[in-house]
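Trainee: Please find one structure pasted underneath; my questions will follow.
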Amino acid sequence: MQPFDLVIRGGKLVTPAGIVAADLGVRAGKIAAIGALHAEPAASVLEAEGLHVLPGVIDSQVHFREPGLEHKEDLATGSDAAVLGGVTTVFEMPNTNPNTISAAALADKLDRAAGRMRCDHAFYVGATAENIEALPELERLAGSAGIKIFMGSSTGSLLVEDDASLERVLRAGFRRVAVHAEDEPRLRERKALAEASGDPVSHPHWRDVEAAVRAVRRLLNGARTCGRRVHVLHITSAEEMELLAEARDVATVEVTPHHLTMHAPDCYERLGTRAQMNPPVRDARHQAALWKAIQEGVVDVLGSDHAPHTLEEKNKPYPSSPSGMTGVQTLLPVMLDHVAKGRLSLERLVDLTGHGPQRIFQLVGKGRIMRGYDADLVLVDLQARWRINTSWLASRAGWSPYEDMEITGRPVSTLLRGAVVAQDGELIGKPVGRPVRFMETLAA
Ligand code: DOR
């Protein structure tokens, strides 16, 4: 038999069949064997004694800001942050400048990514009133993660506000559509509240639960009427989870580590506008409901919603301060800490960061430790105790809401298609990230 390119020896593999103590052999970038491989010839060996081997994290919601907003982040710095944090695939959002709303804009992002991104990637195409006719074609293009709808306005100008436009978008195409569900008329109606207060603690009152619930209800109606699958991003409230638990026919669900880790009013008192994001971090009752939804299986994936802004921008007086926090690099460490605290099992975490995104987006060869899948892996030390500090962060924005937080559990090595791309907090090698493929559009 041909020697392996790499054998990862002595680790505990988190596979769809459970956690198994086994070696993992890589050939041509793919997982070629799982078992006792210590006697097999291998070009190189990575010792994983005492470590767990997880599928590389698939983060299906990041904003990397290129083109147009590179002072906050770019595709290179965003992907550096990703791999340092154990993320090997990202789906990047369309609210750049220009917005990603055409074939040319998508091709431009793919060009910019080549040779500069360290992780594999796909790019969402934003829906607007103007590009509805083109959406069926745009969602099929190679490198397209599908369509993104903003029902409520957030950073940027992308917006599909009314039900008639929403239904037109939902009828245009077949892939699962990712949706930011906040009700724009309600947000407009209540903005004065935030302006009058001038304090970020009012963010969850301006963008209240009712704004989220109205949008989710409208979206689910639309999805059923049009027979279109939707993926509802960053769910924040108990009431939305009640609706979504009854909508397994049409909807899948994302939560973010931010909403699972912080709560109001504490986060606004500690972090001010740094804790400001859309939809907002809410109080402890809602946070508990998000954890319950994770336990009950209502949540399909975790996404970081990495949304970098500079500190100078964040320091503007609320509400002119922009919404969004960094998160791609801290997604896995923060969640490993929740594992250490007993809030979810390691297997459920891998379900949310690997198996879940693979299943709902029908990714080819990603997100699972199985023979024939890409050797996108992250080796983690579940016992390591450390503190998140700014010197570890690669985002150009240069800050994290978790600075100084003590974490139990640390990503040690990140591998992309069998090559080590980050090791002990250092980036390794040249950027070799590629566009990912989706089973539904393989002909693309
Ligand atoms: O807080 C947010 N920031 N929510 C979004 O939906 C957009 C994001 C950004 O791009 O800054």
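Trainee: Just the number: Rg to Rh for the stretch 56-122, Cα atoms, Kirkwood Rh, two decimals.
Mentor: When Rh is taken as the Kirkwood radius, the ratio is 0.94.
Trainee: With the other protein chains left in place, how much accessible area per residue, in square angstrom, belongs to the stretch 1-92 at a 1.4 angstrom probe?
Mentor: 33 Å²
Trainee: Obtain the nm distance between the two label points defined at Ala288 and Arg188 by a simple spin-label model: each point lies 7 Å from its Cα along the Cα-to-C-beta direction.
Mentor: Result for the modelled spin labels: 3.7 nm.
Trainee: Enter the accessible area of Arg387 (Å², nearest 10), with the probe set to 1.4 Å and all protein chains included.
Mentor: Accessible surface of Arg387 is approximately 130 Å².
Trainee: Against the 2.2 N^0.38 Å scaling, with N counting residues, where does the stretch 309-413 land? I'd like the Cα-based Rg ratio to two decimal places.
Mentor: 1.27
Trainee: Further question: Could you please report the charge total around Thr441, scoring K, R as +1 and D, E as -1 over all other residues with beta-carbon less than 15 angstrom from its beta-carbon?
Mentor: Around Thr441, the surrounding residues sum to +3.
Trainee: Ignoring ligands, DNA and RNA, what percent of the 1.4 Å accessible area of the chain is carbon and sulfur?
Mentor: Here carbon and sulfur together make up 50 percent of the probe-accessible area.
Trainee: With a 10 Å cut-off between alpha carbons and a GNM built on the chain, which of Thr96, Thr252, Thr155 moves the most?
Mentor: Judging by the Gaussian network model, the answer is Thr155.
Trainee: For Glu269 and Asp424 in one chain, what is 0.36 nm times their gap in residues minus the Cα-Cα distance, to one decimal in nm?
Mentor: 52.5 nm
Trainee: Using a Gaussian network for the chain with springs between C-alpha atoms less than 10 Å apart, which of these wobbles most: Leu244, Leu138, Leu193?
Mentor: Per the Cα network of the chain with a 10 Å cutoff, Leu193 tops the list.
Trainee: How do Thr273, Thr225 stack up against each other in accessible area, from largest to smallest, with a 1.4 angstrom probe?
Mentor: Per-residue accessible area, sorted high to low, gives Thr225, Thr273.
Trainee: Quick one: of the DSSP bridges fully inside the chain, what percent are antiparallel, nearest 5?
Mentor: 50 percent
Trainee: From largest accessible area down, sort Ile369, Ile428; use a 1.4 Å probe on the protein chains.
Mentor: Descending accessible area places them as Ile428, Ile369.
Trainee: Can you compute the charge dipole magnitude of the stretch 231-279 about its Cα centre, using +1 on each Lys and Arg Cβ and -1 on each Asp and Glu Cβ, nothing else charged? Give it in debye, rounded to the nearest 20.
Mentor: Dipole magnitude for the stretch 231-279 comes out near 300 debye.
Trainee: Averaging over every viewing direction, what projected area does the convex hull of the Cα atoms of the stretch 184-301 cover, in nm²?
Mentor: About 7.0 nm², averaged over all directions.
Trainee: Over the heavy atoms of Trp386, what accessible area does a 1.4 Å probe trace out, to the nearest 10 Å²?
Mentor: Using a 1.4 Å probe on the heavy atoms, I get roughly 20 Å².
Trainee: How do Phe174, Phe64 rank by accessible surface area computed with a 1.4 Å probe, from largest to smallest?
Mentor: Order by accessible area, largest first: Phe174, Phe64.
Trainee: Quick one: what are the phi-derived ³J(HN,Hα) couplings along the stretch 95-102, Karplus 6.51/-1.76/1.60 with θ = phi - 60°, whole Hz, x for glycine and proline?
Mentor: Per-residue couplings from phi come out as 8, 9, 10, x, 4, 7, 10, 9 Hz.
Trainee: Now a separate question. Rounded to the nearest 10 Å², what accessible area does Thr310 show when all protein chains are kept and the probe is 1.4 Å?
Mentor: 30 Å²
Trainee: R0 = 45 Å: FRET efficiency of Leu311 with Asp249, Cβ-based, nearest 0.05?
Mentor: 0.55
Trainee: So what are the three principal axis dimensions of the stretch 374-444 from its Cα atoms, in whole Å, longest to shortest?
Mentor: So the extents along the principal axes, rounded to whole Å, are 47, 27, 25.
Trainee: Now for a different question. With Cβ to Cβ distances under 13 Å as the rule, what net charge do the other residues near Gly303 carry (K, R +1; D, E -1)?
Mentor: -4
Trainee: Give me the accessible area per residue for the stretch 327-444, probe 1.4 Å, as a whole number in Å².
Mentor: Result: 39 Å² of accessible area for each residue.
Trainee: Taking only the Cα atoms of the stretch 5-146, how large is their convex hull per residue, in Å³?
Mentor: Spelled out: Cα convex hull of the stretch 5-146, divided by residues, is 132 Å³.
Trainee: Here is a further query. For the chain, what is the convex hull volume of its Cα atoms per residue in Å³?
Mentor: Once divided by residue count, the hull of the chain is 125 Å³.
Trainee: Over the chain, what relative contact order in percent results from Cα pairs under 8 Å that are six or more residues apart?
Mentor: That works out to 21 percent.
The values are calculated or read from the model by the stated rules, or taken from the named source; none is laboratory data. In this text the structure is predicted, and so the values were computed from the model without any measurement. For neighbour counting, all protein chains shown are included, and Cβ atoms are generated from backbone atoms with ideal geometry for every residue, glycine included. When the accessible area is computed, the model is the full protein with side chains, heavy atoms only, and any ligands, DNA or RNA have been set aside. Shrake-Rupley method; radii C 1.70, N 1.55, O 1.52, S 1.80 Å.
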